[in-house]
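Take a look at the structure set out below.
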Amino acid sequence: MKQFLTNVYAVALKEYKHIVRDPFTLAVALVMPLVFVFCFGFIIDLDYKHIKITVRDNDQSAESRRFLYMLSAGGYFDLTPVHSPLAADEDLYKNKFPGLMIIQKNFGKNIRAGDVQNPARVQLMADGADNARAGIILNYMTAVSQEAEKIFGSSPRFNADMVRTRFLFNPELNNRWFIVPALSTIIIALLSILLTALTVAKEWENGSMELLLSTPVRPYEIVAGKLAPYFGLSFFNILLIFILAVLVFKIPFNGSFILYLSACVIFIIGALALGILISIITRSQTAAIQFAFAIGMLPGFVFSGFIFPIENMPAFFRGLTFIFPQRWFLTISRSLFLSDASFSALAVPFICLTIFSCVMVLLSVKKFKKDVEP
């Protein structure tokens, strides 16, 4: 055991000195996480706001003006009034505005009368070329209409007070609370895989691997020694992301910090081992970088649930997500940030993440031994 630790320490010290002397590696390891966090944290916004809507108010009553004020007050709609039917149609068909709203005559009169047979009507036409935006416009309009019903008076057919909605864990539906906890999944997976994918490939290319293999150090000790300094870098970055999430983006952390750190350790080990496996197989820095970006980036964005809900995917792709560790770590990260999830609630993600990490470590050691031993 003592000899094992001595050999691993020697390899890790050699790798540490290489990292310190390599400005590219330091830049990737220390700058890229900050760039990702600030870019994705501030730029990605899943909420549509300030949607430009052309409005033709054919009623010009106090009720219609109050309804338009409610639409614009939330910041979701920017209303531009027009007074000509031709101008309204032209704005819509020329894609100047994604939506056209027409308030019909007698809007206020019908509200005051409360006649079910002759209700107040508002027509909304949305540009369906962007189906996501059109759906969101409809949802916003529905919410505002229900609020207006409370103010103007409920109709006999529907009482808005019968429906009460409450959002748990993210009551404001803040999209940054949804995005930033998942960023650690994307950044650490890409960073860990990329850094270790280059390490063995570079040594094969410059011939230093043969010198390393001529020493008494065994293949599994080389793998462990090479993983150690990159584990420290990755763990530092994940703590940095955590601090930024809590202090800069004001995201609450409600779960167990011990559970979170445990998941981080397991996830980092698996990602680093996957990078080592890629570098052993490719033995080329160019190929290693390509594989690292493909395996680290694509599953993180597409198959992890980062943006696209896994539940909405076809059955084949839902099954495919089971093999990617990003899915399981993202589930753990979001659950621990936004809710006080227990270990029993997260047992399946922890088990799947552990299995992945163990398999990657075993495969990398086995492949390395097979390639270097006669």
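The values are calculated or read from the model by the stated rules, or taken from the named source; none is laboratory data. This one's a predicted model, so the numbers in the text were calculated from it and none came from an experiment. Methodologically, a virtual Cβ is constructed for each residue, glycine included, from the backbone with ideal geometry; neighbour enumeration extends over all protein chains shown.
Remarks
- Pairs, first more than 14 Å from L212 (Cα to Cα) in the stretch 6-24, second hydrophobic (A, V, I, L, M, F, W, C) and part of a helix (DSSP H, G or I), C-beta under 7 Å, six or more apart: I19/L26
- Residue that is touching a residue at least 60 places away in the same chain (Cβ under 8 Å) and either closer than 26 Å to V246 by Cβ or among the β-branched types (V, I, T) (or both), where the choices are I332, I323, I355: I332
- Of all residues in the stretch 76-99, those that are at pLDDT below 70 and part of a loop (DSSP other than H, G, I, E, B) total 2.
- In the stretch 100-130, of all residues being under 16 Å from Y140 (Cα atoms) and assigned to a loop (DSSP other than H, G, I, E, B), the one that is modelled with the lowest pLDDT corresponds to D130.
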